[in-house]
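> I'd like to ask some things about the structure below.
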Amino acid sequence: MTARDLNRGGNTSFVVRIYYTENGTWQGQVAHVQSGEMYSFQSMLELMRFMDGHIPSEEENRSWEANGSVSPERPRR
């Protein structure tokens, strides 16, 4: 499976490495699997901002559905 296959339909994957905790939050490194982009973070907020920037929006998901691509499966709570 290639990175392009993983991204089809809006799926996205991350590898997160937590190196240590300090001041009640995590520090580490995150990699976006599809693009290969890596980011060192100093807080959980920075981690979430990076990840949020790589997760397809609802508009992008709708455009994939309109083009016949598979839409991402969202976990039910």
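Every read-out reported here was derived from the displayed coordinates using simple, explicitly stated rules and does not represent laboratory data. Computed from a predicted structure; not experimentally measured. Reconstructed Cβ throughout: ideal geometry from the backbone, glycine too, with neighbour counts over all protein chains shown.
> Sort E46, E58 so that the residue with the fewest other Cβ atoms within 10 Å of its own Cβ comes first and the one with the most comes last.
By the 10 Å Cβ count, ascending, the order reads E58, E46.
> Another question, if that's okay. Using a basic spin-label model with each label point 7 Å from the Cα along Cα→Cβ, how many nm lie between E58 and Q29?
Rounded to a tenth, the inter-label distance reads 3.6 nm.
> Find which of F14, Q42, G24 sits farthest along the positive direction of the dipole of region 3-56, computed with +1 on the beta-carbon of Lys and Arg, -1 on that of Asp and Glu, about the Cα centre.
F14
> Here's another thing I want to ask about it. Would you mind counting up the charge near G53? Only other residues with Cβ under 12 Å from its Cβ, with Lys and Arg at +1 and Asp and Glu at -1.
Numbers: positive: R49; negative: E37, E46, D52.
Combined, the nearby Lys, Arg, Asp and Glu give -2.
> Starting from the Cα-Cα distance between E37 and S13, subtract it from 0.36 nm times their residue separation and give me the gain in nm to one decimal.
7.5 nm
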